[in-house]
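The values are calculated or read from the model by the stated rules, or taken from the named source; none is laboratory data. Small disclaimer: the values here were computed from a predicted structure and weren't measured. Neighbour counts run over all protein chains shown; Cβ positions are idealised from the backbone, glycine included. Protein only, heavy atoms only, side chains kept; ligands, DNA and RNA dropped before computing areas. Shrake-Rupley method; radii C 1.70, N 1.55, O 1.52, S 1.80 Å.
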Amino acid sequence: MPRGTAEEKPSPSGRSAARRAASASRAPAAAEPPVPDDLGSRVSAAVEDFVDLSLGIREALPPSVDGLGLLGALARVVARPRTVARKSAGLAVELARIGLGRVPVDYAPRDWRFANAAWSESPVFRRLGQSYLAWHEAMHELVDEADLDWRTEARARFAMTLLTTAAAPSNFVLTNPDALERAFETGGASLARGLRNIGRDLVENKGMPRSVDRSHFVVGVNQAATPGSVVYRDDVLELVQYDPTTPTVFARASVVIPPQINRFYVMDMAPGRSFVEHAVSQGIQTFMVSWRNPTREQGHWNLDTYLISLEAALEVVADITGVADANVVGVCAGGITTAAYLGYLAAIGERRVHSVSFAVTLLDFSQPTALGMLSNPEIVGNAVAESSRGGVLDGHSLGNLFAALRPNELVWNYWVANNLLGNDPPRFDILAWNADTTRMPAALHADFLTVFLDDDLAKGKLHALGCPVDLAAVEIDSFVVAGATDHLTPWRSCYATTQLLGGSSEFVLCSSGHVQSLVNPAGNTKMSYLLGDEPGPDPDAWRAAATSHPGSWWERWVEWVSARSGPRRSAPKRRGSRAHVPLDLAPGRYVLEP
C-alpha cells in the first residue's frame with residue numbers, strides 16, 4: 001500500500017516563527033540578504049493587476065462553473081492589495097533566505113511528500129521543498145487574515161488547499177526524487193506503468209487516480225458475506241435478516257439503517273471486520289436495510305418515499321420476531337432518515353422503535369463543519385439544479401468532493417503512487433467499499449439539502465409524512481457514536497444529538513475517523529474510546545471528565561443494546577415467517593445493481 005497520511009498543517013505562524021528563530025540563531029546578521037526599498041511597492045502593483053484579473057475572471061464565469069462558490073471566496077481573499085503585497089514581500093524575503101541556504105530544514109514529520117532524504121540532503125531539492133512550503137504557508141496566511149464569515153473562509157481555505165496541494169513538487173516526475181529513483185531502478189518501466197494507469201483512469205474513473213484494486217473483492221463472498229436472507233423487498237429497499245449464531249437470542253431485534261449514498265455493507269465489511277457478524281455472535285437478532293440504487297426514473301423519490309418503505313420494513317421485523325418494536329441503528333446520513341422517522345412516530349403517538357443508536361451522524365447543522373461551508377442558498381440551489389437535470393445525484397461526483405476535502409491523503413497520494421511510481425492500486429476492503437458508489441434521487445437530495453441549509457431537523461421545522469418533527473418529543477434512549485478525528489461529521493456536532501432527543505443518552509467518542517469508527521472490530525487493540533457520564537450541554541466538559549477504554553465501541557454498544565433487547569429465547573430455526581418467506585440469500589439483489 002502506498003505511503004500516505006493527511007498533511008499536518010502547523011499553526012499559521014508556527015512554522016515561519018520557528019524558521020525565523022532558527023535562522024537568527026544560526027546565521028549572523030550580516031549574512032541576511034538586503035531587501036530592496038521598493039520591493040513592497042513593486043509587489044503591490046503586481047498584486048493589484050492580479051486582483052483585477054481574478055475578479056474579472058470570476059465575473060465572466062457562468063454560475064455553473066463555480067457551483068461551490070470557491071472562486072468567489074478566493075476573490076474575497078485576494079481583493080485586499082495591501083495585505084497581499086505585505087505577504088508577498090515577506091515571502092520574497094523568505095525565498096531569498098532559502099536561496100542562500102540560511103533556512104534550516106523544517107518538514108513536518110508525517111508529511112509523506114518530503115520523506116525522501118533528497119529533500120533534506122540535496123541542495124536543489126531542499127531549496128525546492130522549502131520554497132514550496134514557504135509559498136504554501138503564505139497563501140494560507142492570506143486566508144487567515146481575510147476577516148471573512150466562517151463559511152466563506154472555509155470555502156476560501158478549501159479552494160486554497162486544492163490550489164496549493166496540486167502545486168506540490170512531489171506531484172511531478174522531474175521534481176519528485178522518489179519517482180526519479182524508481183525510473184532509474186526500473187529502466188523507465190515505472191513511467192510506462194504510470195502512463196498505463198493514467199490511461200485506465202481516464203477511461204474507467206473519469207480521470208481520478210484509483211484508490212483501490214477492487215478485483216480482489218466480491219460482494220457476497222469476501223464483503224457483505226454474513227449469512228442471511230432477504231425477507232422483504234419493495235421498490236425502494238430490501239430487508240435482510242441475518243442468521244443467528246448462538247443457541248439463544250434476545251427477543252427484540254436491532255435494525256441497521258444505512259445512508260442512501262453508500263452501500264450498506266460498511267456495517268458488514270468482511271469476515272472478522274463486520275458489525276453485523278459481531279452483533280449476531282452476541283445473540284442480537286439483526287436486520288439490515290439495503291437501499292435500491294436509483295436511476296433517473298426514480299428521481300422523484302423524496303424523504304417521505306423512504307420513510308414509507310422503512311415503516312413497512314419495521315412492520316416485517318415485528319411480524320418475524322413477534323415483538324412490536326425494535327432497536328434501530330442509523331448510520332451516517334441514514335441517521336437523518338432515522339431521526340425523521342422517529343419524529344413522525346412521536347407526532348402520531350406510536351412506539352415502533354424501542355431505542356435508537358446514531359453512528360457518525362449529524363442532526364444539528366448549526367456548528368461549523370467541513371461540509372457546512374457549502375450551506376448557502378446559491379450553492380444549494382446550484383446543487384439541486386444539477387441533480388434535478390440528471391434525475392439523480394451521482395455518487396462518483398460526491399465521492400470526489402469528499403476526497404477533495406483531504407486532497408493530499410485521498411487524491412495526490414494515489415496520483416504519486418500509481419502514476420509517478422508505477423505501482424498498482426492497493427487492495428483494501430474499506431477502499432473497495434468506498435469505490436462502490438451509488439446514486440441519490442434528486443428529490444431526496446433536495447430534502448437533505450434543505451435540512452442541511454436551514455437546520456430544519458434540529459429546529460423542529462421539518463415535516464415527515466405530513467407531521468412536524470420535534471426531536472425533543474422522541475423520548476427513547478439513544479446511543480451516539482462519533483470519531484475524534486472525523487472530518488466529515490465532527491465529534492462536537494455529533495455530540496449535539498444528545499441534546500436534541502428527549503430520552504436518556506449515552507455518548508461514545510472513538511479515537512479514529514469517519515469510516516474507521518464504523519469498521520472497528522471488537523478486540524482492536526489499536527483503537528480506544530471515551531465514555532463519560534450523561535452528556536450535558538458542554539461537549540468539552542464531557543470529554544475532560546470521560547475515561548478511556550481500549551478496544552471498540554461495538555463491545556460497549558452490545559452491552560447497551562442487550563439491556564434494551566428483552567429476554568433471551570431459543571434462536572429461530574428458520575428465516576422469515578409464514579407471511580414473509582425468504583426471497584434471496586444475503587446480501588440480496590439491490591446491493592449488486594450497478
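If the condition is being among the charged types (D, E, K, R) and either in a helix (DSSP H, G or I) or at pLDDT 95 or above (or both), then the stretch 448-470 contributes Asp454, Asp456, Lys459, Asp470.
For residues that are farther than 20 Å from Asp436 by Cα and either among the β-branched types (Val, Ile, Thr) or within 26 Å of the chain's Cα centre (by Cα) (or both), tally how many sit in the stretch 281-298.
Adding up the residues that qualify gives 3.
Among the candidates His445, His396, the residue that is in a helix (DSSP H, G or I), within 15 Å of the chain's Cα centre (by Cα) and under 21 Å from Gly69 (Cα atoms) is uniquely His396. Does Leu180 satisfy the criteria of being surrounded by 14 or more Cβ atoms within 10 Å (Cβ to Cβ), of a type outside the set (Ser, Thr, Tyr), free of Cβ contacts under 8 Å to residues at least 40 places away in the same chain and over 19 Å from Thr321 (Cβ atoms)? Spelling it out, Leu180 is indeed surrounded by 14 or more Cβ atoms within 10 Å (Cβ to Cβ), of a type outside the set (Ser, Thr, Tyr), free of Cβ contacts under 8 Å to residues at least 40 places away in the same chain and over 19 Å from Thr321 (Cβ atoms).
The number of residues in the stretch 578-594 being open to solvent by 20 Å² or more (accessible area, probe 1.4 Å) and either touching a Cys at 6+ places or on another chain (Cβ under 9 Å) or of a type outside the set (A, V, I, L, M) (or both) comes to 7. Sort through Arg126, Arg151, Arg113 and tell me the only one that's farther than 21 Å from Tyr414 by Cβ and crowded, with 19+ Cβ neighbours inside 10 Å. Answer to the check: Arg126. Using the structure shown, decide if Val416 is in a helix (DSSP H, G or I) and more than 17 Å from the chain's Cα centre (by Cα). So Val416 fits the description; yes. Listed by position, the strands (runs of 3 or more DSSP E) inside the stretch 471-577 whose residues that are buried (at least 22 other Cβ atoms within 10 Å of the Cβ) and of a type outside the set (Phe, Trp, Tyr) number at least 2 are 477-483, 505-510. Taking residues in the stretch 293-316 that are within 17 Å of Asn262 (Cα to Cα) and of a type outside the set (Gly, Ala, Ser), and partners anywhere that are open to solvent by 30 Å² or more (accessible area, probe 1.4 Å) and in a loop (DSSP other than H, G, I, E, B), the pairs with Cβ atoms closer than 8 Å and at least 6 places apart or on different chains are Asn293/Arg439; Asn293/Glu593; Asn293/Pro594; Pro294/Arg439; Thr295/Arg439; Gln298/Asp235; Gln298/Arg292. Within the stretch 97-110, the set of residues being assigned to a helix (DSSP H, G or I) and surrounded by fewer than 16 Cβ atoms within 10 Å (Cβ to Cβ) comprises Gly99 only. Kindly indicate whether Arg427 is in a loop (DSSP other than H, G, I, E, B), closer than 26 Å to Asp268 by Cα and open to solvent by 50 Å² or more (accessible area, probe 1.4 Å). Yes.
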